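A quick write-up on the structure given underneath.
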Amino acid sequence: MVHRPAKALFTGLLLSLVFLLPPSAVHGRVITLTVHNLPDPTFTGIETASDRAVMNRFLKLHPNVRLRAGAGLRLPGVQTMDMVPLMQIAGDISPDVIYVNFRFSDTYIQKGFLKPLDKYIAKMDPKDLARRVPPAVKQVAYRLGPDGKMHWYALPTSRLVIALIYRRDLFARAGLDPDKPPRTWEELMEYSKKLTFPDKGNFGMGFGKGDGAGWNFINLVWSRGGDIVKKNKKGDWEPAFNTDEMTDALYFYCLMNCQKWTDSKGKTHRGYSYRDTSPSIYAPDNPFAMYFQYLDDRVQIHQPELIGFAPFPYPEGHGHSATEVNSAMEGIFAGVKDPEVEKAAFDYLSFLDSDEANKIRVKMYIQRGYGKFVNPESLERYGYKDYLKQVDKRWVKIYKEAMKTGKPEPYGKNCAVVYHELSRPIEEAINDKVVLAALDRHDEKAAKVRLRQILHRAQAETAKRMFGQLPANVVRTRTMLTFVFLTLTALAFAMAGVYLFKTFRRDAPAQTPGQKKLFWAYLLLIPGVATVVLWQYYPLLRGTIMAFQDYNVMGDSPFTGVDNFSYVLFDPAFWHSVFVTLIYTAFYMAFAFVSPIVLALLLSEVPRGKMLFRTIFYVPAVLSGLVVVFLWKSFYKEAGFLNVIINGAFEHVLNPALTFIMGLVHLHFAPVSITQSWLDSPALAMAAVLLPVIWAGMGPGCLIYLAAFKTIPDELYEAAEVDGAGIRRKVFCITLPSIRMLILINVVGAFVGAFMSSETIFVMTGGGPYTPYGSTEVVGLQLFYTAFMYLKFGTANAMAWVLGFMLIGFTMMQLRNLSRVEFKGGR
């Protein structure tokens, strides 16, 4: 028998040992679970705080699990959500729990990226499952897999619908009733007219740009009763652009954005909307009064006296209010092989929207004073009935109505790029001269005829890009021609290789009979050669193989012969991007490459303050490249710095002068002003993306040439002065010839770099505006889109090889010139 004191001591020792043991010894092995996103610990907002509380509770319930956020590149703008998961999968760093976007869901499923969740879903309470997965969402989460059977592939963690969000204060200021938002397209147009004051920077409606334009526009199509993709009789997805519903929606969109009107001061403007890449009506300085935005089913934080909600407007006599239904869904990556990790992954994603997690969120909102923004059903469910009187119930009613009548975001085959494809005809329409002329003379019939033509062509292009729909005879002809092209190209490469070998062999210095073998020199070259082989030639070999495959990141990658090259060679969009690249390269070489040389010549002649001027011109290089791009992007906006300066000159100098001159001959003159964004203009977009590159690169480049000028003997300039040479003769007869080889070497790098450049354009325009092809969509950008938006890695590698074929002539010429250069060491 053990005495009580001894027993208590023994128990205490056991407990101490248990607490001293690591968690793995008590709860099993530690499982590190990588998830697509975790709350940022530096953020103190209520939404982040509530999510963090949910995570802490999950970790408390699962003490052997450690959560880690997925790694990977974070892209600016909407591309982060869309493209980062694909890049993570392609880079073999995918999280165990991945975000499943509706548009990408079919790609994830058919490519084998998602693990079926059937065995876990079967154990869930049917009522709870029905709450989590409304009918519009179920058709996306539960669907046909590659094996021909129905499976659960994802589980929603929240539900969303699109509604019209508007500023009540701006409505009241314009004399509109804040409690009577627009119900129809016609009312939306009238409200927008009354809310638009361009001189004050106020506009009636806000629309997205780029892919965001497609995201906004699709809701107009649904409200008109149409669709943008549909299944045919065979069950295959196909675009549905060429329809009356789509034409009517696009005509209304053009009216909202392009209709010409004159204000009280006689200034001419176009449209009653403001287009931006990421507009937000909740921003205090937003320039528009209405916008289409998501409503969450849990909480809607807003100022009731400032923000109002309304159903999506619809055309009177046609259609009904129908908008997008979406959901934040998560699934388990198919690469997870460990059963314990798989079980922990499902426990995690199912807990995020569990009854316990939602109760924690509601409690956090109540404690932080946000109870009046919580869904009243949640307040009543979790015992906070006292807050029901404070809740603005309008948004809940609109959410429920939209959930009943709404449609799920497109989720069919290759719908990952549906907004990108849809934005092409939209951008073309609002920049088309025929459409604009028809709008100016209020000719609706002519405008719709032209819009129908644009949509017809866009449907054919989209069918080819998204779904690969081509007649069999066309495929055979293209395949034969592609074989001929590849054969001729292989011969050209072989001849070029022989020619270059002979050139370098001929120009190489002859060995003297007594010269020792260069064993140590070759030995020193081994690390460098091995690095080049590993990081240049091995990827080149792998890319060559991929160019003949339908390459899949997971699963088999069958060989497809020359299909990828055939697609590239006969793709008008690819050749247009090559043409755009040539234009970009020509302008780059003419300005960005030449300007540092010119600047260096000017700075070398400055009599005083050389260091000051060099520092001023070098400062842009100190700034981050992303900062430079976004700085200039803000300059190019409708109310940006450049338009403010130009319009100021018009208002105070040119307009008064022209008005006076025209008045002398008794003619009326309408004041001129610029309101269009530079990046939205097909004529100005290319120059706009080049200016930041020239501005930021001119300073560092000129320092290289200034250093080269120091190597030129002063005696040459003195002799030239004695002979009476002026500054022009000195520059062209002494300075430039003396640094000719430096310029030649730099030309090679600058030309190839400009030809493959795409980073600045990606951030500034994304390749747009489209008319119908991208005005700034260079070939490097299209290659990136092909690989990571369409997941056509084989086609992207074929594009890269075609570019290599095109650059072979330039490369041969430059290698021949460099082979004649003799480098000598100085003493």
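Which value, in Å to one decimal place, does the Kirkwood hydrodynamic radius take for region 247-359 when every pair of different Cα atoms is included?
Answer for region 247-359: a Kirkwood hydrodynamic radius of 19.2 Å.
Cross-link reach is defined here as a Cα-Cα straight distance under 16 Å, omitting same-chain residues fewer than 8 places apart; for residue 710 the lysines meeting it are 610, 730.
Rounded to whole numbers, the Karplus 3J(HN,Hα) couplings from phi for region 684-700 are 9, 4, 4, 5, 5, 7, 7, 4, x, 5, 5, 4, 7, x, 5, x, x Hz, using 6.51 cos²θ - 1.76 cosθ + 1.60 with θ = phi - 60°, and x at Gly and Pro. For region 324-437, a/c is not less than 1.5, where a ≥ b ≥ c are the root eigenvalues of the C-alpha gyration tensor, and a/b does not top b/c. That puts it in the oblate class.
The radius of gyration of the Cα set in the chain, together with its Dmax, comes out at 32.2, 122 angstrom. Measuring nothing but protein heavy atoms, the accessible surface of region 666-804 at 1.4 Å probe radius is 66 percent carbon and sulfur. Using a ≥ b ≥ c from the Cα gyration tensor of region 208-313 (square roots of the eigenvalues), is it rounded, prolate or oblate, where a/c under 1.5 gives rounded and otherwise the larger of a/b and b/c decides, a/b for prolate? Verdict is oblate for region 208-313.
At the listed q of 0.16, 0.18, 0.21 Å⁻¹, the Debye profile of region 652-797, built from one uniform point per Cα, gives log10 I(q)/I(0) equal to -0.94, -1.05, -1.25. Accessible area per residue for region 190-246, computed on protein heavy atoms with a 1.4 Å probe, is 39 Å². Accessible area per residue was computed with a 1.4 Å probe on protein heavy atoms; residue 363 scores about 100 Å².
May I ask for log10 I(q)/I(0) of region 539-579 at q = 0.23, 0.24, 0.25, 0.29 Å⁻¹, from a Debye sum over the Cα atoms as equal point scatterers with solvent left out? Ignoring solvent entirely, the Cα scatterers give -0.82, -0.85, -0.87, -0.95.
A probe of 1.4 angstrom, applied to the heavy atoms of all protein chains, finds residue 309 with accessible area near 10 square angstrom.
Placing +1 on the Cβ of every Lys and Arg and -1 on the Cβ of every Asp and Glu, with nothing else charged, gives the chain a dipole about its Cα centre of roughly 1320 debye. Pairs over the 32 Å Cα-Cα cut-off, from the set 363/400; 230/792; 119/372; 123/400; 111/363: 119/372; 111/363. Determine which lysines satisfy two conditions relative to residue 633: a Cα distance under 22 Å, and not lying fewer than 8 residues away in the same chain. Partners within reach: 200, 209. Centre-to-centre, using Cα atoms only, region 568-591 and region 747-808 are separated by 9 Å.
Would you kindly state how much longer the chain becomes between residue 401 and residue 484 on full extension, computed as 0.36 nm times their sequence separation minus their alpha carbon distance, in nm to one decimal?
Difference between extended and current length: 23.9 nm.
Listed by chain and number, the aspartates and glutamates whose C-alpha is less than 16 Å from the C-alpha of residue 265, apart from same-chain residues fewer than 8 away, are 199, 651. Extension gain for residue 443 to residue 92 (0.36 nm times residue separation, less C-alpha to C-alpha distance): 120.9 nm. What share of the DSSP beta bridges in the chain is antiparallel, in percent to the nearest 5? So the antiparallel bridges in the chain amount to around 70 percent. With 0.36 nm allotted per residue and the present C-alpha distance subtracted, the residue 525-residue 732 stretch has 70.6 nm of extension available. Hey, got a sec? Which GluC sites (Glu not before Pro) in region 570-672 land in a DSSP loop and have at most 16 other Cβ atoms within 10 Å? When the GluC sites (Glu not before Pro) of region 570-672 are filtered for loop state and at most 16 Cβ neighbours within 10 Å, 605 remain.
Solvent-accessible surface of protein heavy atoms, probed at 1.4 angstrom with all chains present, puts 653, 763 in the order 653, 763, largest first. Each residue, residue 59 and residue 187, gets one label point 7 Å from its Cα in the Cβ direction; the gap between the two is 5.0 nm.
The values are calculated or read from the model by the stated rules, or taken from the named source; none is laboratory data. Keep in mind it's a predicted model, so treat the numbers as computed, not measured. FYI the Cβ positions are ideal-geometry reconstructions off the backbone, even for glycines, and counts take in every protein chain you see. Please note that ligands, DNA and RNA were not included when accessible areas were found on the heavy atoms of the full protein model with its side chains. Shrake-Rupley method; radii C 1.70, N 1.55, O 1.52, S 1.80 Å.
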